[in-house]
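I have placed the structure first, in the form of structure tokens, so that the comments after it can refer back to it.
Taken together, the values in this text are just the output of simple stated rules run on the coordinates, not laboratory data. Since this is a predicted model, take the numbers as computed values, not measurements. No Cβ is skipped: glycine too gets one built from the backbone with ideal geometry, and neighbour counts run over all protein chains shown.
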Amino acid sequence: MLTVNIRDLSRSPKRILEEIKRTKQPRQVVSQRKPQAVIVSLEAFKDFEELKSKQKQQGSALALLKIAKMADKLKAKGPKDLSANLDKYTWDE
């Protein structure tokens, strides 16, 4: 990953941000030779947030399937159409 010194960032923020946007490569911000933060393009950040959201939703779906399996073992009653309407139960809020 490319780095940028905090002083360079404070002197030329517009140039550095335009370069990050143009190249779509993140920059690690370094102060006193230690990494402090990472700057990414807005597009990359949105992609990351979308991926994180999908992973969370997939985790919820898996948890629901595990609960349904446990309920079946215990002969508990739940939605009879769970397998047919899994998306409805996991994606609708």
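Near the amide H of Asn5, under 5 Å away, which other amide H atoms are found, from residues 5 or more places off or on another chain, if H is placed in the peptide plane?
Val30
Under a crude label model (7 Å from the Cα following the beta-carbon direction), how far is Lys69 from Glu43 in nanometres?
4.0
So how much slack lies between Gln25 and Ser53, counting 0.36 nm per residue of separation and subtracting their Cα-Cα distance, in nm?
Additional length available on full extension: 7.9 nm.
Enumerate the calculated ³J(HN,Hα) couplings along the stretch 51-56 in order (Karplus 6.51 cos²θ - 1.76 cosθ + 1.60, θ = phi - 60°), each rounded to whole Hz, writing x wherever the residue is Gly or Pro.
Whole-Hz 3J(HN,Hα) from phi for the stretch 51-56: 4, 4, 5, 5, 5, 5.
For the stretch 6-12, what does the Karplus curve 6.51 cos²θ - 1.76 cosθ + 1.60, with θ = phi - 60°, yield as ³J(HN,Hα) per residue in whole Hz, taken in order and with x for Gly and Pro?
Once θ is set to phi - 60°, the couplings for the stretch 6-12 become 4, 5, 5, 5, 6, 7, 9 Hz.
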